[in-house]
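The values are calculated or read from the model by the stated rules, or taken from the named source; none is laboratory data. These figures come from a predicted structure and were not determined experimentally. FYI the Cβ positions are ideal-geometry reconstructions off the backbone, even for glycines, and counts take in every protein chain you see.
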Amino acid sequence: MSPELINLIIQATGESLFMVAVAALVATALGLPIGIFLATSGKGELFAAPKINAILGVIVNATRSTPFIILVVAIIPFTRLIAGTSIGSGAAIVPLTIAATPFIARLVEAAIREVDAGLIETASSFGATPLQIVLKVLIPEALPGLLLALTLAVVSLLGYSAMVGAVGGGGLGDLGIRYGYQRFMPEMMLAVVVVLIALVQTVQTVGDYFAKRVNRRLRHR
Amino acid sequence: MVRFEGVEKTYPAYRGKPSVRALQNIDFAVPRGSITGVIGRSGAGKSSLVRLINGLEKPTTGRVEVDGRDISALSGRELRLAQRSIGMIFQHFNLLSSRTAAANIALPLEIAGWSKADIAVRVAELLDLVDIADKHDRYPSELSGGQKQRIGIARALATRPSVLLSDEATSALDPQTTRAILDLLANINRELGVTIILITHEMSVVRQLANEVVVIDAGDIVERGHVADIFTHPKQAITQTFLAEVLGESIPISLASRLQEAPVPGGQAVLRVLVRGDAGDTVVARLARELSIDVALLSARIDEIGGQRVGSLIVGVPGGDATAAQVLAYLSQHQFSAERLGYVA
């Protein structure tokens, strides 16, 4: 493979990582509070607001059930509004974030719901405020699950980021389609797939490592 | 001290399930510095009672006072402040798995806004108090049930509460560990003067630790008083079944199998006598002296409960039903609870 092609791969990998990193950060910043709210706003729960909970649930489900490629196209006007353009890696961050936020919210909700309800009651009986319960009990106790959720979200984002290549989003997917598919370069397609596999493997390994490290429910000796 | 005045708690109907009255006509006071056992079967309303004391729930009617404040009328910040004077320990310990022993004990202090330095000093004191100073940096998953409950106790006492609620705190522990935890609670009551309210379904826990007992059944207080009084003069059937557990199956199996419902000519009537205090030790001798009846001691168990000797004797009375009736009359006249179990040859 020529040095120019290798440079293309490196550049595309950089674009993919940039898109995924920014989208993951923003989606986590949005999805974490939404997920915590979803897990704690049912009837009789910490921030009981069953109606808002139900409405939010419908919005999250609607976003989750829209196929990603349709979401990308459907929100082009919104993407233009935010990014000034609908083409390139920067613009691709918008649909990636919108797709990942409800996904992360649902994963966070599941992780938070795993925390023993007895612990919430215990902290309440000490006179903890709902915010103290979230910060001192729910998040620390759910941390292993939250880290695994984040890992899963990043892996999914890598897949989505390859998909935005199909609509001019840049990155590894773009490279694979333009060179590997349209120019009949199977070695380029293979290289793109190998890089993606390596990235997913790395993300998963690092995520598993940290999730295990913070998990004190298991004996360590 | 803790006082219930005309408390009723009804959970409203929800999703097609009818409303449930968990507690009614609850009127009692727990004296400052006492250890009061609240005993009842599961579903009797014990948990509702605890949740009313620590303000996690409000009574439908009536008031619940803790240290002279009507906790049922407080909310928000005032309630959270009041909750710091009420500690609680739990059956399943409810420790945070993500925190070390020391950090678990620190939790209520962090919530109360103590400084880091003050917290460190207080946590060290508490670890000493519950005798697990060497477990400072251990996580709950590395500790035994007894050690976890010690952390639970230290955490409950962290903010120097005047009342400690124990919700089945020893139900998940083996008998030996239960004993050690109950001893620790007795020490804490003695040395710190903390009022302890023990919620339990086991009479043996009440027996080992409490001075006062409240028996609840189906949301009602059915019996209450000094432990020794209740043990010797139980009025309600439910209390008697709790007592039968702790006094052991006092009819030996070999005797139970021979027991008949009708009098046996030339045989004995079998009586169970509940005894209390010094009188208990001499009841057999007194029957022999004062009634000239030689009763046979078939089975006996004497224990110390609430600082008094309490026991259950099973005796055989010879000479037919008339003699047995004479003995029962004598016992009842001298304030012993006694019942006829049957007859043996």
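Brief remarks on what is shown
- Test for B:Asp303: is it in contact (Cβ under 8 Å) with a residue 24 or more places away in the chain, among the acidic types (Asp, Glu) and assigned to a strand (DSSP E or B): yes
- Any pair with Cβ under 8 angstrom, 6 or more apart, that starts in the range B:60-77 at a residue that is at positive phi and ends at one that is among the β-branched types (Val, Ile, Thr): B:Gly62/B:Val7; B:Gly62/B:Ile26; B:Asp67/B:Val163
- Looking only at the range B:106-139, residues that are part of a helix (DSSP H, G or I) and of a type in the set (Val, Ile, Thr) come to 4 in all.
- Selection from the range B:303-343 of residues that are polar (S, T, N, Q) and surrounded by fewer than 18 Cβ atoms within 10 Å (Cβ to Cβ): B:Gln308, B:Thr323, B:Gln326, B:Ser332, B:Gln333, B:Gln335
- Scanning the range B:1-22 for residues that are under 17 Å from B:Glu65 (Cβ atoms) and either modelled with pLDDT of 90 or more or among the small types (Gly, Ala, Ser) (or both) yields a total of 8.
- The residue that is nearest to B:Arg207 (Cα to Cα), among those in the range B:245-273 that are surrounded by 16 or more Cβ atoms within 10 Å (Cβ to Cβ) and at pLDDT below 80, is B:Val246.
- Between B:Leu185, B:Leu173, the distinction of being part of a loop (DSSP other than H, G, I, E, B), crowded, with 17+ Cβ neighbours inside 10 Å and in contact with a helix residue (DSSP H, G or I) (Cβ under 8 Å, 6 or more places away or on another chain) belongs to B:Leu173 only.
- With a requirement of 3 or more residues that are surrounded by fewer than 20 Cβ atoms within 10 Å (Cβ to Cβ), free of Cβ contacts under 8 Å to residues at least 60 places away in the same chain and within 11 Å of chain B (Cβ to nearest Cβ), the helices (runs of 4 or more DSSP H) lying completely within the range A:84-157 that satisfy it span A:117-125.
- Matching residues, the range B:128-139, being touching a residue at least 24 places away in the same chain (Cβ under 8 Å) and either exposed (fewer than 14 other Cβ atoms within 10 Å of the Cβ) or at positive phi (or both): B:Asp131, B:Asp137
- Only listed residue being at pLDDT below 95, among the hydrophobic types (A, V, I, L, M, F, W, C) and not in a helix (DSSP H, G or I), chosen from A:Leu172, A:Leu218: A:Leu218
- Candidate set from the range B:309-326 (those that are in a strand (DSSP E or B) and either within 16 Å of B:Ser204 (Cβ to Cβ) or without any contact (Cβ under 8 Å) to a residue 12 or more places away in the chain (or both)); member that is farthest from the chain's Cα centre (by Cα): B:Ser312
- Flag if B:Thr100 is among the hydroxyl-bearing types (Ser, Thr, Tyr), within 14 Å of chain A (Cβ to nearest Cβ) and touching a residue at least 12 places away in the same chain (Cβ under 8 Å): yes
- Sole residue being over 23 Å from B:His201 (Cβ atoms) and at pLDDT below 90, chosen from B:Gly76, B:Gly43: B:Gly76
- If you go through the range B:88-97 and keep only what is more than 7 Å from every other protein chain (Cβ to nearest Cβ) and either surrounded by 22 or more Cβ atoms within 10 Å (Cβ to Cβ) or among the small types (Gly, Ala, Ser) (or both), you end up with B:Ile89, B:Phe93, B:Leu95.
- Qualifying residue in the range B:60-68 (condition: at the interface with chain A (Cβ under 9 Å from one of its Cβ atoms) and modelled with pLDDT under 95): no
- For the range A:39-62, the set of residues classified as surrounded by fewer than 16 Cβ atoms within 10 Å (Cβ to Cβ) and not in a loop (DSSP other than H, G, I, E, B) consists of A:Pro50, A:Lys51, A:Ile52, A:Ala54, A:Ile55, A:Val58, A:Ile59, A:Asn61, A:Ala62, listed by residue number.
- Here A:Glu187 meets each of (1) crowded, with 18+ Cβ neighbours inside 10 Å; (2) among the acidic types (Asp, Glu); (3) more than 12 Å from chain B (Cβ to nearest Cβ) with one exception, condition (1).
- Applying the criterion of being β-branched (Val, Ile, Thr) and surrounded by fewer than 19 Cβ atoms within 10 Å (Cβ to Cβ) to the residues of the range A:196-216, the residue that is nearest to A:Leu138 (Cα to Cα) is A:Val214.
- Candidates B:Ala154, B:Ala103, filtered to the one that is part of a helix (DSSP H, G or I) and under 20 Å from B:Leu173 (Cα atoms): B:Ala154
- For B:Lys148, the conditions (1) within 14 Å of another protein chain (Cβ to nearest Cβ); (2) of a type outside the set (A, V, I, L, M); (3) surrounded by fewer than 19 Cβ atoms within 10 Å (Cβ to Cβ) all hold with the exception of (3).
- Considering B:Glu168, B:Glu110, B:Glu142, B:Glu125, the condition of being crowded, with 20+ Cβ neighbours inside 10 Å and among the charged types (D, E, K, R) is satisfied by B:Glu168 alone.
- Of the residues making up the range B:129-144, those that are of a type in the set (Asp, Glu) and over 12 Å from B:Ala102 (Cβ atoms) number 2.
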